[in-house]
Amino acid sequence: MSFQINSKGCSGIYGCWRNESPFRGAGVGPSSTSSVDRDLTGRGLRFSRTIIFAIEEINNSTDLLPGIKLGHRIYDSCVSVPVSVDVAFQLLNGEDPVFYRDGNCSQSRVVVAAVGDSGSTPSIIMSRIVGSFKIPLISSFATCACLSDKQQFPTFFRTIPSDHYQADALAKLVKHFGWTWIGVVHSDSDYGNNGMASFLEAMISGVITVFIFKMICLCSSTKSCNQHIACLFRSTAKVVLAFTAVGEMKVLLEELASDPPPPRQWIASEAWITDSDLMRFGFCAGAVGMAIQKSVIPGLRDFLLDLSPSKVAASSVLTEFWEEAFNCSLTETVDPDKRVCDGTEDIKTLKSSYTDTSQLRVTNMMYKAVYAVAHAIHNAVCQETNGTIQCDKNIRLEPKQVFKELKKVNFSKNGYHVSFDANGDPVAFYELVNWQKSESGVIELVTVGYYDASLPRGQEFRINRKLTWVEGGRQVPVSVCSESCPPGTRKVLQKGKPICCYDCIPCPEGEISNMTDSPDCFPCPREFWPNSNRDACFHKPVEFLSFNEVLSIILATLSISGASLAIITSLIFFHHRTTPIVRANNSELSFLLLFSLTLCFLCSLTFIGAPSEWSCMLRHTAFGITFVLCISCVLGKTIVVLMAFKATLPGSNAMKWIGPLQQRMTVVSLTFIQVIICIIWLVVSPPFPVKNLSTYKEKIILECALGSAVGFWAVLGYIARKLPDNFNEAKMITFSMLIFCAVWITFIPAYVSSPGKFTVAVEIFAILASSFGLILCIFAPKCFIILFQPEKNTKKHLMNKN
């Protein structure tokens, strides 16, 4: 469409109206079906009539260009590059048959601005041609981001946002719903290619991790295209982004409808999301995309419906539309199947894209484009003086003047703001729309959110209503190459695939991951251990030989029983202290031995319970000292027996060296040496409680560290000594020492190899076993004689036996 200044309005039209809409497209060829031709003719006719409506509003306005009438010529580019080139040159050079003719039109007919084309590719061609003459071109539907390049297209403006913003909005939509693995279909055109490039750039610049499974370019090879589409719908990508024009999308959906594909969630570009004809494809229900803002143009519907047979007959274009819409002829016809229009046809009852004003989106972009040109002309030729607007009707307006004023245009119409930035683009605003099925099963276009580029960064995109997804679902569909790795696992990338394709590997022993899709596992602190799911660290259970365990109860019972047995034996010996068998066995050493055995039995109790600093120092040293006391008493008794044996030899005076004082000194000396060893051990490096984290990975062993290992083995080594094995009393002592040695020799490997609390149990067992060995071997036979064989408890019997 072109403008020229006239004293009265005049208009003209050139077109091929039976092809696809002249006000939308991106290099798509004409459709071949008459039904589509009819529908798109109605849509295209509504666009052209909207331009006429806007011009008539301006021409009747007293505030905008008062006294000046705008003329117009309307051409149909047929969404064809060659036709667009032809139209561009006609605007510059020639006259065409006119739609309305008025003899009062100005003869200057200077084209000062052009509105169009609707397609990106035709707009690029036309802008290069008319731009050479500084004629501004204002598009209402060419969205290619490439047209914002002022070096290539210095005179291009548009009232629709650039695809740069649509791409950003779609990228934010994809990110918002967590889709990381999507398929893409786009047109092989400036609109599709540049739109897809802008989308990929938006994902990268926005740090949005989205990977394209398959990018299908809708091209001339139908066979190749079908193969790619089949591959796309076999993929794991559940979301498909279609950046295509209406015509191409219609062809694609018709192809898919012949062999319905698996359900996929469609993301639509603004080119086709609002097209009512495409909403008949039920498998696309749930589609979501960005749409041009829905608008209201007061008076437009009445203007569109103000058609009568007489008005229609004056225009060949309107005549064609009327005859196709009502299937009649305004003139006599030879076709027997086509009746003559009788005047009863009422356009108000017609359901057509021409009469549908419920979704005025692109229509408003055209409406605003016309007003933008009018305001630019007004600013160039009109001035306001004392509240009165004066316009110069005789000025020869140059296109460059309109171009200069268009840059500064800033106004509002019907509540919609119109202005252009340095790139000739308006402020971007989109509605987020959703194809939702009504109760009757018809797909309806529902606004569920918006994208407003004028808002602060991070607040541009908003969803304010629930969406309906593919197959009527309410849950957001998942479209990922690999399912999210749950806590307790880590991601391992699949070789040769994008980083959103990975396997989930359980964390190794001792390590956890506590978030979804964790790239790594990390170890728990030393005193912590993972739970069974390996998604959290918990304190390791602390293990020690506690008093409430069955094993501890058994050992404590044996310990108390052993101490009780030693006490009972002491009482028996004390009660029968005057009897020969007690007197003959050195009662003083026997009582001291029984006392030390009582302490040995009781000191095993110090090994049970949680280790502390005092219990660790007490348990080994107390045992070492008391057991040395035991062994010293046994040694004293052994020496007495040995000396008694040697005293029977002729000339021997051995007995004078083994009196009571010497026996006491022997016991005290040997025990004192052990006390010195224990003191040195406690001073230099005493035992202390420690948390053993190495024996078991999953639990803590609370035990006593030996401190100085030399001191520990010195205490044990000092206990073990070789004793004689002759004479009658010596047999019992020797047998007890054999048990003692066997127990403690076995104890060493058992102690080293026993894990955790069983180390303590083995040590307690060794103490109890050696103590029971001593008391049973040395005192049990004597107590049996005292209690059950008193006749043997005589001096005569003992002397005879010896």
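Structure summary
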item	result
Condition broken by ASN394, with the remaining ones in (1) closer than 30 Å to PHE133 by Cβ; (2) at pLDDT 90 or above satisfied	(2)
The range 769-787 residues that are surrounded by fewer than 18 Cβ atoms within 10 Å (Cβ to Cβ), paired with ones that are part of a helix (DSSP H, G or I) and at pLDDT 85 or above (beta carbon under 8 Å, 6 or more apart)	LEU787/ILE572
Residues that are more than 16 Å from PHE233 (Cα to Cα), surrounded by 23 or more Cβ atoms within 10 Å (Cβ to Cβ) and either touching a Phe, Trp or Tyr at 6+ places or on another chain (Cβ under 9 Å) or modelled with pLDDT under 90 (or both), drawn from the range 251-284	ALA268, SER269, GLU270, ALA271, ILE273
Subset of the range 314-372 (residues that are touching a strand residue (DSSP E or B) at 6+ places or on another chain (Cβ under 7 Å) and of a type in the set (Gly, Ala, Ser))	SER329, ALA369, ALA372
Counted residues, the range 502-535 - those being without any contact (Cβ under 8 Å) to a residue 40 or more places away in the chain and part of a loop (DSSP other than H, G, I, E, B)	15
Filtered residue count, the range 607-622, keeping only those that are modelled with pLDDT of 75 or more and either buried (at least 21 other Cβ atoms within 10 Å of the Cβ) or at positive phi (or both)	7
Where a residue in the range 156-167 is in a helix (DSSP H, G or I) and its partner, wherever it lies, is of a type in the set (Ser, Thr, Tyr), with Cβ under 7 Å and at least six apart	ASP163/THR143; ASP163/SER198; HIS164/SER148; HIS164/SER198; GLN166/THR143; GLN166/SER269; GLN166/TYR430; ALA167/SER198
Yes/no for VAL130 being within 23 Å of VAL317 (Cα to Cα) and at pLDDT 90 or above	no
Residue check for PRO506: under 18 Å from the mean Cα position of the chain (by Cα) and either modelled with pLDDT of 85 or more or surrounded by fewer than 16 Cβ atoms within 10 Å (Cβ to Cβ) (or both)	yes
Total residues in the range 218-245, condition of a type outside the set (Lys, Arg) and at pLDDT 85 or above	7
Qualifying positions in the range 128-148 - without any contact (Cβ under 8 Å) to a residue 60 or more places away in the chain and either closer than 23 Å to VAL448 by Cα or in a loop (DSSP other than H, G, I, E, B) (or both)	SER132, ALA142
Residues of the range 475-495 classified as assigned to a strand (DSSP E or B) and of a type outside the set (A, V, I, L, M, F, W, C), total	3
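This table checks each residue for (1) modelled with pLDDT of 85 or more; (2) out of contact with any Ser or Thr (no Cβ under 7 Å at 6 or more places or on another chain); (3) of a type outside the set (Asp, Glu).
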site: SER34; (1), (2), (3): no, yes, yes
site: ASP39; (1), (2), (3): no, no, no
site: GLY42; (1), (2), (3): no, no, yes
site: SER48; (1), (2), (3): yes, yes, yes
site: THR62; (1), (2), (3): yes, yes, yes
site: PRO66; (1), (2), (3): yes, yes, yes
site: VAL83; (1), (2), (3): yes, no, yes
site: ASP86; (1), (2), (3): yes, yes, no
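The values are calculated or read from the model by the stated rules, or taken from the named source; none is laboratory data. All values derive from a computational prediction rather than experimental measurement. Glycine also receives a Cβ, built like all others from the backbone with ideal geometry; neighbour counts cover every protein chain displayed.
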